[in-house]
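Notes to accompany the following structure.
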Amino acid sequence: MITKVHDIVIVGAGLAGLRAAEVSCETTDVGIISKVYPVRSHTVSATGAVHISPAPGENPEEYMRETIKGGDYLNDQDAVEVMAEEGFSELIRLEDMGIVFHRNIDGTILRASPGGMTTRTATIVSSGCAQELVCTLQEQLSKKRVTFYNEYFATSLLVEDGICRGITAYDIKDGEFYVIRAKAVIIATGGWGRVYPVTSNSHICTGDGTAIAFRAGAFLKDMEFVQFHPTVLYGSGILISETARVLGGYLRNAQGERFMQKYAPRFRELAPRDVVSQGMQREIDEGRGIEGKYIGIDLRKLKRSWRRAMNVPFFKQRFDAFAELAQTFAFVDIDKDLVPVIPGEHFTMGGIKTNIWGETNVKGLFAAGECACTGVQGANREGANALTECVIFGRRAGLRAAEYAKKAQLLNFPNDQVKREQKKIEALLNSEGPYGISEIRNELQEIMWNTAGLFRNQDGLENGLKKVNELKQKFKEIQVGDKSKIFNTALIYAMELENLLDLSECIILGALNRKEHRGAHYREDYPQRDDRNWLKHSLFTYNGDEKPVLNYEEVTIKNFPPKPREY
Ligand SMILES: Cc1cc2nc3c(=O)[nH]c(=O)nc-3n(C[C@H](O)[C@H](O)[C@H](O)COP(=O)(O)OP(=O)(O)OC[C@H]3O[C@@H](n4cnc5c(N)ncnc54)[C@H](O)[C@@H]3O)c2cc1C
């Protein structure tokens, strides 16, 4: 066992983790651990936009109203206020670091309206969007006091007497076991799209940090709210971003009908993601899917607006990218064919409960980014608001953790917990049970898709919960085929599977209890939003081998009281 010490350890080197590191390393010694190299973090796949609003002279109310309306009024409005207030100064800071934002021909920053929003305030970063954000932040950190632990897997949090004292980790490269002691820990491990078989998320999105924080006593919040993006490529899950619909791409069923008119007469293809996804899935379920399986996005008619848009390099890049993705992964030509798409899991609104400074209920433990739930996204995230959440709340968590670490003592770590964790990993490595990892994972994904996917109901969810519990039992008798210590991906998959199982149980439990339709959570048996009984957050507490304890908490409402949905 190797022991390391830092003031702060950050788990996750995506956008939220790097943003937290960039501020906290000014005053404290920071270690940042990531199971992949930072530039391979899931953030880099975001190519749409980052919502930085408002600019001076713009009214922040419009952006806040849109975000809250999109979140179906489950948003904590103090958190939304923070995003609206700090957006523009954050844009300036990012520019100062060297991030180049796309410009209009007159030199002003290019803004656009993401799907579902009417404000033209999303800001587009040049070239690879989030890739540029990640690379620039990493470059900035290379000249600062930060130690990177790349290809290390965080396995548990060390918490005693309600205070977080560090983490345990496994070096994927050589199998060495680490204890990283710290005064404060920031979790920034992203979402858990891999709970579902169809997702735009990368393979590493398994919710590890959320699950280990949960097992260490942190509350999880609003886990039943999972966003499905309307347009991922059929067969591969690769995202065809909102830009395709923003610029006029239509959705068509097997009869060639532009069906979104039925489900969202006002906004049609640009209604919130949950509305478009549900409309598409209904078409497929009711037999109007192309080949019974998918919907076509029609980009053929775009030629005219496309040519106009070609003046702006961003749009040219995007269309070239759509054309290439469609050709490579769906074997179709966007000038001649419909591109086959289906809804796929895209974003997790719930996560580790934090306040607007990233603080959790465990002292010394902070969280930011997709793994966390400040309540800012409500029941459904608006396009381009995730990257904003990462930079604004990543920075806040970094600042607050540094403040805390400067005053806190480095406490002893709980030796018995460390030994237990070490034994657990050894037992997994030596496991010879009858059940394969992929067998359980495939079964889990199937159950989650069928029972806790786009459409949910009492019987399905009860059945899903029972089956997930059966899989949790099977997990105790798994087999890790590879016994080596060097790049043992089987062992990593096993640890990830345990995390996926715990988070799946929370999703189903939250969905089973919430008897209404709100945002991305759609109950066929309770198809209306019910503010009288359900305008509240779900809170999950870990309960060992028993099912999690579920409580509820008030939503912070300020200037935007709930209004009926309209699209
Ligand atoms: C295809 C796609 C396109 C998107 N486009 C947009 C967009 O245009 N605009 C927008 O606002 N949002 C977009 N989103 C959402 C947005 O990209 C994510 O919400 C955001 O990038 C999450 O960043 P993060 O820093 O929280 O986590 P991630 O970027 O997922 O980083 C997680 C980090 O945690 C590390 N990690 C995880 N588990 C462990 C472990 N056990 N041990 C050690 N390290 C660990 C990983 O290595 C990684 O470094 C998109 C999402 C997808 C799927």
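Numbers for the structure displayed
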item: Test for ARG396: is it near the ligand (Cβ under 10 Å from one of its atoms), among the charged types (D, E, K, R) and crowded, with 24+ Cβ neighbours inside 10 Å; result: no
item: Subset of the range 26-50 [surrounded by fewer than 24 Cβ atoms within 10 Å (Cβ to Cβ) and within 20 Å of GLU95 (Cβ to Cβ)]; result: GLU26, VAL44, THR47, GLY48
item: Flag for GLY510 being in contact with a helix residue (DSSP H, G or I) (Cβ under 9 Å, 6 or more places away or on another chain) and under 21 Å from VAL226 (Cβ atoms); result: no
item: Pair list, Cβ under 9 Å, 6 or more apart: the range 195-213 residue more than 17 Å from ASN442 (Cα to Cα), other residue buried (at least 24 other Cβ atoms within 10 Å of the Cβ) and aromatic (Phe, Trp, Tyr); result: ASP208/TRP192; THR210/TRP192; ALA211/TRP192
item: Unmet requirement for LYS419, which otherwise passes all of (1) part of a helix (DSSP H, G or I); (2) more than 13 Å from ILE187 (Cβ to Cβ); (3) in contact with an Asp or Glu (Cβ under 9 Å, 6 or more places away or on another chain); result: (3)
item: Neighbours by Cβ (under 7 Å, 6+ apart or cross-chain): first from the range 83-99, β-branched (Val, Ile, Thr); second at pLDDT 90 or above and surrounded by 18 or more Cβ atoms within 10 Å (Cβ to Cβ); result: ILE99/LEU133; ILE99/THR136
item: Residues that are in a loop (DSSP other than H, G, I, E, B) and either hydroxyl-bearing (Ser, Thr, Tyr) or within 20 Å of PRO561 (Cβ to Cβ) (or both), drawn from the range 509-548; result: GLU516, HIS517, GLY519, TYR522, GLN528, ARG529, ASP530, LEU535, TYR542
item: Candidate set from the range 457-469 (those that are more than 23 Å from HIS517 (Cβ to Cβ) and touching an Asp or Glu at 6+ places or on another chain (Cβ under 9 Å)); member that is surrounded by the most Cβ atoms within 10 Å (Cβ to Cβ); result: LYS467
item: Test set (1) modelled with pLDDT under 90; (2) part of a helix (DSSP H, G or I); (3) within 16 Å of the ligand (Cβ to nearest atom) - GLU62 fails condition number; result: (3)
item: Those residues of the range 20-55 which are part of a helix (DSSP H, G or I) and within 8 Å of the ligand (Cβ to nearest atom), in sequence order; result: PRO38, ARG40, HIS42, THR43, VAL44, SER45
item: Leading residue by the ranking (farthest from VAL341 (Cα to Cα)) among those in the range 255-283 that are under 23 Å from the mean Cα position of the chain (by Cα) and polar (S, T, N, Q); result: GLN278
item: Candidate set from the range 217-226 (those that are of a type outside the set (Lys, Arg) and not in a loop (DSSP other than H, G, I, E, B)); member that is farthest from the ligand (Cβ to nearest atom); result: LEU220
item: Those residues of the range 483-493 which are surrounded by fewer than 24 Cβ atoms within 10 Å (Cβ to Cβ) and either within 16 Å of the ligand (Cβ to nearest atom) or of a type outside the set (A, V, I, L, M, F, W, C) (or both), in sequence order; result: LYS483, SER484, LYS485, PHE487, ASN488, THR489, ALA490, ILE492, TYR493
item: Residues of the range 523-567 satisfying the condition of being among the hydrophobic types (A, V, I, L, M, F, W, C) and loosely packed, with under 15 Cβ neighbours inside 10 Å; result: VAL549
item: Exclusive hit being within 30 Å of ALA520 (Cβ to Cβ) and assigned to a loop (DSSP other than H, G, I, E, B), set GLU370, GLU389; result: GLU370
item: Candidates LEU428, LEU512, LEU454, filtered to the one that is closer than 20 Å to PRO548 by Cβ, touching a residue at least 24 places away in the same chain (Cβ under 8 Å), surrounded by 14 or more Cβ atoms within 10 Å (Cβ to Cβ) and among the aliphatic types (A, V, I, L, M); result: LEU512
item: Residues (out of contact with any Leu (no Cβ under 8 Å at 6 or more places or on another chain) and surrounded by 19 or more Cβ atoms within 10 Å (Cβ to Cβ)) located in the range 442-451; result: GLN445, MET448
item: Count of residues meeting criterion [in a helix (DSSP H, G or I), more than 20 Å from GLY256 (Cβ to Cβ) and in contact (Cβ under 8 Å) with a residue 12 or more places away in the chain] in the range 324-350; result: 2
item: Given (1) within 12 Å of the ligand (Cβ to nearest atom); (2) modelled with pLDDT under 95, index of the condition LYS316 fails; result: (1)
item: All positions within the range 335-357 that are modelled with pLDDT of 95 or more and among the basic types (Lys, Arg); result: LYS353
item: Any hit, the range 4-12, residues being within 18 Å of SER202 (Cβ to Cβ), touching a strand residue (DSSP E or B) at 6+ places or on another chain (Cβ under 8 Å) and within 6 Å of the ligand (Cβ to nearest atom); result: yes
item: Residues of the range 232-253 that turn out to be away from the ligand (no atom under 12 Å from the Cβ) and either crowded, with 21+ Cβ neighbours inside 10 Å or closer than 15 Å to ILE295 by Cβ (or both), as a count; result: 9
item: Residue ID - surrounded by the fewest Cβ atoms within 10 Å (Cβ to Cβ), chosen from residues in the range 197-216 that are assigned to a loop (DSSP other than H, G, I, E, B) and out of contact with any strand residue (DSSP E or B) (no Cβ under 6 Å at 6 or more places or on another chain); result: HIS203
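Condition check ((1) more than 16 Å from the ligand (Cβ to nearest atom); (2) modelled with pLDDT under 95; (3) not hydroxyl-bearing (Ser, Thr, Tyr)) across all residues:
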| position | (1), (2), (3) |
| --- | --- |
| GLU359 | yes, no, yes |
| CYS371 | no, no, yes |
| GLY375 | no, no, yes |
| GLU382 | no, yes, yes |
| LEU428 | no, no, yes |
| GLY436 | yes, no, yes |
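The values are calculated or read from the model by the stated rules, or taken from the named source; none is laboratory data. None of the values given here were measured: they were computed from a predicted structure. All Cβ positions, glycine included, derive from the backbone under ideal geometry; neighbour counts span all protein chains shown.
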